[in-house]
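Structure below; questions to follow.
The values are calculated or read from the model by the stated rules, or taken from the named source; none is laboratory data. Source: prediction; values computed, not measured. No Cβ is skipped: glycine too gets one built from the backbone with ideal geometry, and neighbour counts run over all protein chains shown.
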Amino acid sequence: MVLPADVLGLSVALGAGLLIGLERERRKGRGAARQAAGIRSFTLAALCGGLAQALGQPLLVALGGLAIVGLAAIAYWRSPRRDPGLTTELALVVTYLIGVLAVQQPALGAGAAAVVAALLAARDKLHRLATRLLSEGELHDALLLAALVLVVLPLTPATPVAALGGLVPRTVVLLGVLILLLQAAGHVAGRLAGPRAGLALAGLFSGFVSSTATVASMGARARAQPAQAAACEAGAMLSTAATWLQVLLMLTAISPALGAQVAPLALAGAAVAAGTGAWRVRGSPRLAADAGDPRRDNQRGPLRVREAALVSALLTAVALGVGWAQQRFGETGVLVATALGALADAHAAVATLGTLQQAGHVDGGLALTGVLVAIGTNSVSRTVTAAVAGGAAYAARVGGSLLLSGGAAAAVHLLVN
């Protein structure tokens, strides 16, 4: 017996069948080569699933599913085309299941129908993305990133480990995943922005991995190709903006209270660094068509898994060092250990402070001071790196941007506190 409560579900099933069937009807074609299922077949399949579920007979639902699968198999076997494909037949089976789901959970059934219809309608765009727009390396990296997000991250323990100084393993993995996501975003932005802004955007998003390494890379490129010096300087400056933004993102994820304290400082520092980078972009000449294309320098794909893993490993090492220094020397030890860790990379030192503050091992004031110490120490390290890699002129501009950025953050800190 169909209850009044099932009317909504049956209505959703009807709408789902019509929506998916409408899209398939447009693809059905005409004449002897047309496909077997169109708008009426999909609508009836969805209603069949909905009615079987509404009657409350599990055996009837199973038999209906077997019937739909059998009809889809016959339609595929009798298809006159040389390469018929399985999309329509699979869509017919899925539509039946959506009809069953619509009676149980109407909202979820409606959403599933919309996703299926959109997926079917985007056939040409998806084919173009898979065969023309994505390189082999990009596809590999996309699959790797999906596996990390959907498989590795959920399986990583989310409880503190005493052997790691109270660090949460999932936090370490999350940091690595965040870095990879930002790398991917930077790769996409670089391809969309065109060659003139390609180097600047590459510097910005490489800064989410390691600003020090970005400064060195851009400096070496500026020395080897003087015509691209301004664009390389812009990339190095924008990597500083990335450092401030990643500090804010990491602390917000690890320790929301400390993230709120750091937000005004980080936004001020990022704004000044971005402003100096934009100034250098405006002064850079137009580059060759492939100069800013990330694929030119990286045929393997946009992700740098090794670098992300090294940052995560460094986070663990710095956490252990800061924890030991705190036990041995107190607050002074925390600041000294943070400064030493930040010589190589500021991200790991800042993330360690956020973890310790969230766990209650250090107070908010000390953690905030430690963040400023880490950024300041790393700025000195980056300036020295700029001088070695790119020469005096490159170091003067990049170091000036670092000084202005750090000064803006310090000024906001004095005003706020």
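Those residues that are at pLDDT 80 or above and assigned to a loop (DSSP other than H, G, I, E, B), I need them from segment 113-144; list them, please.
Of everything in segment 113-144, just one residue is at pLDDT 80 or above and assigned to a loop (DSSP other than H, G, I, E, B), namely Ala122.
Let me ask another. If Ala230 satisfies every condition in (1) hydrophobic (A, V, I, L, M, F, W, C); (2) farther than 19 Å from Ser381 by Cβ; (3) surrounded by 24 or more Cβ atoms within 10 Å (Cβ to Cβ) but one, which is the exception?
The number of the failed condition is (3).
Let me confirm something: among Val336, Val412, Val380, which residue is within 22 Å of Ala220 (Cα to Cα), assigned by TED's automatic domain parsing to the domain that holds Ala222 and modelled with pLDDT of 60 or more? Steps first, please.
Values: Val336 fails: within 22 Å of Ala220 (Cα to Cα); Val412 fails: within 22 Å of Ala220 (Cα to Cα).
From the options Val336, Val412, Val380, the qualifying one is Val380.
I'm trying to understand the selection: among the residues of segment 207-258, which are under 17 Å from Leu402 (Cβ atoms), part of a helix (DSSP H, G or I) and not hydrophobic (A, V, I, L, M, F, W, C)?
The answer is Ser211, Thr212, Thr214, Ser217, Gly219, Glu233, Gly235, Ser239, Thr240, Thr243, Gln246.
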